[in-house]
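Here is the structure we will look at, set down as structure tokens.
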Amino acid sequence: MPTVLIPPPYRGPTQGTGEVEVEGGDVLGSLEDVDRKFPGFLAQVVNEDGAVLPFVKLFKNGDQLDVAEALRTPVGGDDEIEVLAAIAGG
């Protein structure tokens with residue numbers, strides 16, 4: 001079963017849970033599954049227009065996904081989807 005890995009900054013809605021098993025299908029469906037279990041999660045990752053927020057990076061099995069295609073990327077089996085916040089420094 002696919003898993004979504006959630007970093008500490010995004011765990012408010014998940015009440016501290018860092019890994020959530022999902023049904024899969026595609027990345028968006030997986031994130032929506034997390035949101036069904038933990039309402040409020042999806043709004044931290046995707047905007048009202050259905051696009052990935054600019055400061056969010058998505059990975060599948062350790063490979064960064066292209067922002068334009070990320071949400072439509074197929075997910076299944078033992079895939080891991082990781083949500084990360086892009087950090088800027090200076």
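Derivation of every value follows stated rules applied to the coordinates shown; laboratory data play no part. Here the structure is a predicted model, which means the values were calculated and not measured. Glycine gets a Cβ as well: all are built from the backbone with ideal geometry, and neighbour counts include every protein chain shown.
The table for this structure:
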| read-out | value |
| --- | --- |
| Dmax and Rg, reported as Rg then Dmax, of the chain (C-alpha, Å) | 12.0, 40 |
| Packing-based order for 66-78, 4-16, using average beta carbon neighbours within 10 Å, highest first | 4-16, 66-78 |
